[in-house]
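Comments concern the structure below.
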Amino acid sequence: MGPERAQVGRTPLRVLLVEDHEDIREGFATYLRMVAGADVATATNGLEAIDQARLLLPEVIVMDLAMPGMGGVEAMRVLRADHRTRFIPAIAMSAHVVDPREAARARAAGFDRLCRKPCFPSDLLVAIDDVLHANAFPHAG
């Protein structure tokens with residue numbers, strides 16, 4: 001059963017959604033709350049993402065790569081170096097992941113999956129389910 005399963009008797013999935021564009025951020029957050037029953041925290045840049053991840057210890061992080069201030073690649077490097085957040089599965093979202101160099105940078109920073117924007121919310125939900133249930137290679141620190 002996918003991530004849209006009912007959350008009866010279960011703690012909701014904790015998701016940290018990091019996106020600088022308000023309409024995209026709110027659209028994905030609403031979808032994840034309504035369809036997956038997720039508890040969604042949001043951040044608008046890499047620095048906020050680091051603070052939120054350390055505070056909330058979400059089960060999954062979904063992060064845009066290109067944001068003002070600290071971008072997703074830099075933020076993920078910090079999160080992977082921190083023993084508290086090192087193993088949280090993470091999905092990069094970007095319109096630039098078709099560029100092999102950008103995809104390689106995201107993977108090297110520690111992202112587990114890449115989602116190309118524009119991305120349907122249902123596709124993001126599948127990616128979340130994949131990283132939560134994958135036998136992912138642990139990130140070295």
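Summary of computed values
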read-out	value
Efficiency of FRET between His83 and Ala104 - r from beta-carbon atoms, R0 25 angstrom, step 0.05	0.50
Electrostatic dipole magnitude of the stretch 45-89 [Cβ: Lys, Arg +1; Asp, Glu -1; Cα centre; debye, to 20]	220
The chain - percent relative contact order, Cα under 8 Å, separation 6 or more	22
Dipole magnitude of the chain about its Cα centre (Cβ charges: Lys, Arg +1; Asp, Glu -1), debye to nearest 20	480
Estimated inter-spin distance, Leu47 and Leu132, nm [label 7 Å along Cα→Cβ]	3.2
Distance in nm between pseudo-label sites at Arg116 and Thr30 (7 Å out along the Cβ direction from Cα)	2.7
DSSP-defined antiparallel bridges as percent of all bridges, the chain, nearest 5	0
Global form of the stretch 27-72, assessed from the alpha-carbon gyration tensor, a/c cut-off 1.5	oblate
The chain shape via C-alpha gyration tensor axes, a/c threshold 1.5	rounded
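Each value in this text was obtained by applying a stated rule to the coordinates, not by laboratory testing. It should be emphasised that the depicted structure is a prediction, and the values quoted were computed from it without experimental measurement. Positions of Cβ are generated from backbone atoms using ideal geometry, with glycine treated the same way; all protein chains shown enter the neighbour counts.
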